[in-house]
Ligand code: PLP
């Protein structure tokens, strides 16, 4: 099984043929096309957009607009004005909690999250609940790592204001049935907003935010082969127009009177200050790159590598994986433990062999408590990985077992 994308497309990987990069769920390596697009912006179109009355600034404005339209198309959002650029998925989710949440959640209301949430889609809601005196409930997971829909339904009622859930778990790789969850919420708590964390879905699955039907969808550029420091929030137009701004200052205003101010139209209302045009341009180039590969193939590639890894791991004594079993529908993220070998030791042993994996709580401590694990090791795959990378991981795990057997 070869890689989906040539390793030569990724300068960092091409420069070190020994490197086995299996931490794409933390951040993905960048294709040259993304680096080139950023360089071209600085070389040919660089100015502050929206501000100057001169041709170069108009060009920078057009480049920024085109990037917004490209990323919106990638995510299946027909109305590009409903796509806001942020600093990352964490900021996107905080934006919803800090604006819609502060304006709409009151004492006695209920906020529901799931046990699989990354801290980025857990802590903002927990803090909002504490600030407002709202009830904070955590829906448990079913055996396959998706949210337990029966339990979730039991948490929905007339005071439920927010249901926040991940599309794909960054620990388990399990894929939540977003449309089914949205339908449950619409039926039992029509006043509630649905907030979906797409940080691990947007890089790996075909995503159409409009078809999913969620009210808000967040994602981060750096996991999508795009640059760090840029993310997106797609929101329902009526909600974005009604909710208060996030940061205030330049670009996001309509009029500033001495005593009060009025706000620009969306998306500008939520993008105060000089925007991250380089980030948007790089992310748009990453969307081009992923679409050329085909997101259905990207998904299948990640699933097959994950399956290969799980099958190999389960042949090792003491190995245990978390999340959907081998062959099941999932994203290319596998969390595991290896007998008595601590995940941090395993990660160091693998690092010595040029294999990069993640070890720890993966910014999902509530989930780790429920798994009964303080830490796990995690391997995550992207388009540049192939079965030799999986074999290098398994060989490193065998070496770790040998080392500990003789320790
Ligand atoms: N949500 C999930 C599921 C994630 O895996 C991550 C990053 O690891 C985040 C949110 C945070 O994303 P960002 O780094 O873009 O803020």
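The values are calculated or read from the model by the stated rules, or taken from the named source; none is laboratory data. Nothing here was measured: the structure is a model prediction, and the numbers come from that model. Reconstructed Cβ throughout: ideal geometry from the backbone, glycine too, with neighbour counts over all protein chains shown.
Out of everything in the range 97-123 that is buried (at least 22 other Cβ atoms within 10 Å of the Cβ) and either part of a helix (DSSP H, G or I) or at pLDDT below 95 (or both), what residue ends up being nearest to the ligand (Cβ to nearest atom)?
The extreme case among them is 120.
State whether one or more residues within the range 200-212 are surrounded by 24 or more Cβ atoms within 10 Å (Cβ to Cβ), part of a strand (DSSP E or B), under 17 Å from the mean Cα position of the chain (by Cα) and touching a residue at least 12 places away in the same chain (Cβ under 8 Å).
no
Residue by residue through the range 375-399, note down the ones that are within 13 Å of residue 343 (Cα to Cα) and outside any helix (DSSP H, G or I).
Within the range 375-399, 375, 376, 377, 378, 379 qualify.
Kindly evaluate residue 359 against the criterion of being in contact with a helix residue (DSSP H, G or I) (Cβ under 6 Å, 6 or more places away or on another chain) and closer than 28 Å to residue 205 by Cβ.
yes
Going through the range 348-369 one residue at a time, which ones are out of contact with any strand residue (DSSP E or B) (no Cβ under 7 Å at 6 or more places or on another chain) and within 16 Å of the ligand (Cβ to nearest atom)?
Across the range 348-369, the qualifying residues are 360, 361, 363, 364, 365, 367, 368.
I want to confirm something. Restricting to the range 76-90 and keeping residues that are surrounded by fewer than 22 Cβ atoms within 10 Å (Cβ to Cβ) and within 16 Å of the ligand (Cβ to nearest atom), which single residue is farthest from residue 278 (Cα to Cα)?
Looking at the filtered set, the residue picked out is 90.
Can residue 94 be described as within 16 Å of the ligand (Cβ to nearest atom), buried (at least 22 other Cβ atoms within 10 Å of the Cβ) and free of Cβ contacts under 8 Å to residues at least 40 places away in the same chain?
For residue 94, the condition - within 16 Å of the ligand (Cβ to nearest atom), buried (at least 22 other Cβ atoms within 10 Å of the Cβ) and free of Cβ contacts under 8 Å to residues at least 40 places away in the same chain - is met.
Which of the residues belonging to the range 206-226 are in contact with a strand residue (DSSP E or B) (Cβ under 9 Å, 6 or more places away or on another chain), more than 8 Å from the ligand (Cβ to nearest atom) and farther than 21 Å from residue 9 by Cα?
207, 209, 210, 212, 213, 214, 215, 216, 217
Would you be able to say whether some residue in the range 189-197 is crowded, with 24+ Cβ neighbours inside 10 Å and within 11 Å of the ligand (Cβ to nearest atom)?
Yes, the conditions are met somewhere in the range 189-197.
What do you reckon, is residue 22 away from the ligand (no atom under 16 Å from the Cβ), surrounded by 15 or more Cβ atoms within 10 Å (Cβ to Cβ), at pLDDT 95 or above and closer than 29 Å to residue 364 by Cα?
no
Could you list all residues from the range 132-143 that are touching a residue at least 12 places away in the same chain (Cβ under 8 Å) and surrounded by fewer than 16 Cβ atoms within 10 Å (Cβ to Cβ)?
Initially, the range 132-143 is screened for residues touching a residue at least 12 places away in the same chain (Cβ under 8 Å), giving 132-141.
Passing the criteria: 133, 140.
For residue 53, state whether it is surrounded by fewer than 19 Cβ atoms within 10 Å (Cβ to Cβ), assigned to a loop (DSSP other than H, G, I, E, B) and more than 29 Å from the chain's Cα centre (by Cα).
yes
Which fully enclosed strands (runs of 3 or more DSSP E) of the range 229-304 have 2 or more residues being buried (at least 17 other Cβ atoms within 10 Å of the Cβ)? Steps first, please.
Values: elements: 231-235, 253-256, 261-263.
In the range 229-304, 231-235 are the strands (runs of 3 or more DSSP E) which contain 2 or more residues that are buried (at least 17 other Cβ atoms within 10 Å of the Cβ).
Looking for whichever is more than 16 Å from the ligand (Cβ to nearest atom) and under 24 Å from residue 200 (Cα atoms) here; the options are 51, 59, 32. Which one fits?
32 is the lone residue from the list that is more than 16 Å from the ligand (Cβ to nearest atom) and under 24 Å from residue 200 (Cα atoms).
In the range 8-17, which residues are touching a helix residue (DSSP H, G or I) at 6+ places or on another chain (Cβ under 9 Å) and surrounded by fewer than 16 Cβ atoms within 10 Å (Cβ to Cβ)?
Initially, the range 8-17 is screened for residues touching a helix residue (DSSP H, G or I) at 6+ places or on another chain (Cβ under 9 Å), giving 8-11, 13-14, 17.
Result: 8, 11, 14, 17.
Is the range 156-172 home to any residue that is surrounded by 19 or more Cβ atoms within 10 Å (Cβ to Cβ), at positive phi, under 18 Å from the mean Cα position of the chain (by Cα) and within 16 Å of the ligand (Cβ to nearest atom)?
no
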